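Only the coordinates and a few stated rules stand behind these numbers; no lab work does. This one's a predicted model, so the numbers in the text were calculated from it and none came from an experiment. All Cβ positions, even for glycine, are placed from backbone atoms using ideal geometry, and neighbour counts span all protein chains on display.
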C-alpha cells in the first residue's frame, strides 16, 4: 500500500472547487492510504467527504517560526509518502518540497524540481477547475469530476424554515469591501422577495453583522442566520432554496455546488473566468464598480428564477 499526501489549505471556495480533484485522486489510489493536509476550518468538512483515510492539520505557522515549521516538515518526512499532490501550490508548499530529504517523494505541483511539474504557459489563465484538471493529467489522472459536495448533509428541521425561501449572502472578506454589493440594494431585493411570498434568509458570520443589520432594518421580514449555519447546514439549506444571491465569497461556492439556482455578483477585484463558483445553475453578473449594478437587474433575474411577476 502506497502512502499519498494531498495538500490543500483553503480558502473555502478553493476547497469546494477542489472536491473534484479529491474524488479523482481517491479513485486513482483506491487501495492506497491518502492523507489530507489542511487547516482547522476545513478538517470536519473534508473528513466527511470519504476521500481521505486521515486528516492532518497545518496551523500555517509563520515561515520564520522555525520550530513549528520544521516540526511540520519532519512530520511530513516521517509520513514516508510515495506521492504528494500539492493542490495549494503556494510559496509555503514550495518550501515543503524543497525541504524534503532525498530521495524526495513524487511531487505533483509547481515547485521547481517536482517529478510531475505543472508549469504550462497557460496555467495562470485557467479557471481553478481547469488548472487542477491539467495538473492531475500530468500525473496520469484523466477523469476528474465537477465539484461535488453531495456528502455535505445535515438536519435542518431545528431552523423551522418556511416553505419558500431564498438564500442571501451579502458579506465577504472584511478587507475587500469593494467586492460587496451595497447593503441597501440587498434590502431592496429582500423586500421584493417578501412581496412574492419568499422569505430571505440572511447568511453570514459574526464579522458581517453590520451589513446584515442594515438589511434587516430595510426588510424586517427577512430572517437573520448570522453565525448560525455550519458548512453542512448551509449546503442542506441551499438544496431546498428557491434561489440564492450573493457576492463573490466562499459560501456561494457551497451553494453553487448543491445545484441551487444562484446569482453570484462580481466586482472588478476578481475574475470570474478564473475563480467563479461551479454548479449546474449558476449565473454571474460583474460590474465595475459593483455598486453600479442596479437592483432592478437582479430583480429581473429573480423574476425569471422564481416565477415572480412585475409589481
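Before moving on, here are some points about what is shown:
- Residue order, fewest to most surrounding Cβ atoms within 10 angstrom, among 221, 208, 163, 236: 163, 221, 236, 208
- Helix 209-218 axis, angle to the chain major axis (alpha carbon atoms, nearest 10°): 20 degrees
- Spacing of the two label points (7 Å from each Cα toward its C-beta) at residue 119 and residue 33, in nm: 3.3 nm
- For the stretch 148-197, the C-alpha radius of gyration sits at 1.52 times the compact-globule guess of 2.2 N^0.38 Å, with N the residue count.
- Cα-based shape type of the stretch 3-138, given that a ≥ b ≥ c are square roots of the gyration tensor eigenvalues and the cut on a/c is 1.5: rounded
- Computed on the chain, the Cα convex hull volume stands at 137 Å³ per residue.
- Over the stretch 157-306 - Rg/Rh using Cα atoms and the Kirkwood inverse-distance radius: 0.92
- Inter-label distance, nm, simple model (7 Å from Cα along the C-beta direction), residue 90/residue 240: 3.6 nm
- Comparing Cα centroids, the stretch 110-156 and the stretch 42-98 end up 17 angstrom apart.
- Computed lengthening from residue 142 to residue 71, 0.36 nm per intervening residue step minus Cα-Cα distance: 22.1 nm
- Theoretical ellipticity at 222 nm over the chain - DSSP helices of four or more residues, -39500 (n - 2.57) apiece, nearest 500: -10000 deg cm²/dmol
- Modelled this way, with points 7 Å down the Cα-to-C-beta line, the labels at residue 130 and residue 47 are 3.7 nm from one another.
- Multiplying the residue separation of residue 184 and residue 218 by 0.36 nm and subtracting their alpha-carbon distance yields 11.5 nm.
- Residue with peak Gaussian network fluctuation, the chain [Cα springs, cutoff 10 Å], from 191, 209, 18: 209
- For the stretch 207-260, the equivalent ellipsoid built from the Cα gyration tensor has semi-axes of 20, 12, 11 Å, listed from largest to smallest.
- With eigenvalues of the C-alpha gyration tensor scaled by 5 and rooted, the stretch 244-311, Å: 19, 17, 8
- Length-normalised contact order of the chain in % [C-alpha pairs under 8 Å, at least 6 apart]: 17 percent
- Nearest 10 degrees, 0 to 90: helix 295-306 Cα axis against the chain principal axis: 80 degrees
- Were the residues from residue 207 through residue 1 laid out at 0.36 nm apart, the gain over their Cα-Cα distance would be 69.7 nm.
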